[in-house]
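Report on the following structure.
The values are calculated or read from the model by the stated rules, or taken from the named source; none is laboratory data. Bear in mind the structure is a predicted one, so any value in this text is a computation, not a measurement. Note that we place each Cβ from the backbone using ideal geometry, even for glycine, and neighbour counts take in every protein chain shown.
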Amino acid sequence: MIIRTFSKLFRLSPLEFLLFLEANLFLTLASLVRITIPLRWYAHFLGKHMNELQEEVDEKLKQKLLTIDKSIKRGSKYLPFNCKCLVQAMAGKAMLRLRRIHSTVYLGVAKDEESKLIAHAWVRVGDMNITGGRGVKKYNVISTFADGKNTLIN
């Protein structure tokens, strides 16, 4: 089982493998930050509070975003600790910033089937969700963090 799981990693292209390593690094750092430092102390890293970025995504950028998204999903699957949505959003933000791609981090809340409040975080570039994008329509956005020159105040 473990051998089969790790053998998949060796079938990756060199670029995919490097992105996998980068995603693991940022996921690990984001996990450490999340469990040791209060959000208010690192929120500025996520971007300007209550701003949202409106940017066009061309086909070349879309492909780059898909590879980043895939590497974060792959990395979070192989790490020995749980990488929830906020950690993935922080790692995604770091990987995008490294490539000078402007993005918006969203924090949202919704009620589950038992009417308990659940929270979620995701990253978006233009109209494309990079991390945590599944089912975001059910969440009410309570906070946004954007970087870049095209930010709009909500």
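Taken together, ARG34, ARG40, ARG11, ARG99 contain a single residue that is out of contact with any Lys or Arg (no Cβ under 8 Å at 6 or more places or on another chain), closer than 19 Å to THR131 by Cβ and not small (Gly, Ala, Ser), which is ARG34. Candidates are the residues of region 36-54 that are within 17 Å of the chain's Cα centre (by Cα) and not in a strand (DSSP E or B); the one that is surrounded by the most Cβ atoms within 10 Å (Cβ to Cβ) is LEU46. Whether any residue in region 108-119 is within 17 Å of ALA43 (Cβ to Cβ), of a type outside the set (A, V, I, L, M, F, W, C) and either out of contact with any His (no Cβ under 6 Å at 6 or more places or on another chain) or surrounded by fewer than 19 Cβ atoms within 10 Å (Cβ to Cβ) (or both) is what I want to check. No, every residue in region 108-119 fails to be within 17 Å of ALA43 (Cβ to Cβ), of a type outside the set (A, V, I, L, M, F, W, C) and either out of contact with any His (no Cβ under 6 Å at 6 or more places or on another chain) or surrounded by fewer than 19 Cβ atoms within 10 Å (Cβ to Cβ) (or both). Residues that are surrounded by 15 or more Cβ atoms within 10 Å (Cβ to Cβ), touching a residue at least 24 places away in the same chain (Cβ under 8 Å), of a type in the set (Val, Ile, Thr) and in contact with a helix residue (DSSP H, G or I) (Cβ under 7 Å, 6 or more places away or on another chain) are absent from region 133-147. Against the list (1) in contact with a strand residue (DSSP E or B) (Cβ under 9 Å, 6 or more places away or on another chain); (2) within 23 Å of GLY135 (Cα to Cα); (3) in a loop (DSSP other than H, G, I, E, B), the condition LYS62 fails is (3). Only one residue in LYS116, LYS84, LYS138, LYS111 is out of contact with any Asp or Glu (no Cβ under 7 Å at 6 or more places or on another chain), among the basic types (Lys, Arg) and under 27 Å from THR28 (Cβ atoms), so which one is that? The match here is LYS84. Can you find a residue in region 4-14 that is more than 19 Å from CYS85 (Cα to Cα), among the small types (Gly, Ala, Ser) and modelled with pLDDT under 95? Yes; the residues of region 4-14 include at least one that is more than 19 Å from CYS85 (Cα to Cα), among the small types (Gly, Ala, Ser) and modelled with pLDDT under 95. Can you tell me which residue within region 67-82, out of those that are touching a helix residue (DSSP H, G or I) at 6+ places or on another chain (Cβ under 7 Å), modelled with pLDDT of 95 or more and not small (Gly, Ala, Ser), is surrounded by the fewest Cβ atoms within 10 Å (Cβ to Cβ)? If we take residues in region 67-82 being touching a helix residue (DSSP H, G or I) at 6+ places or on another chain (Cβ under 7 Å), modelled with pLDDT of 95 or more and not small (Gly, Ala, Ser), then THR67 is surrounded by the fewest Cβ atoms within 10 Å (Cβ to Cβ). Just one of the listed residues (GLY133, GLY126) is out of contact with any Ser or Thr (no Cβ under 6 Å at 6 or more places or on another chain) and within 20 Å of ASN24 (Cα to Cα), namely GLY133.
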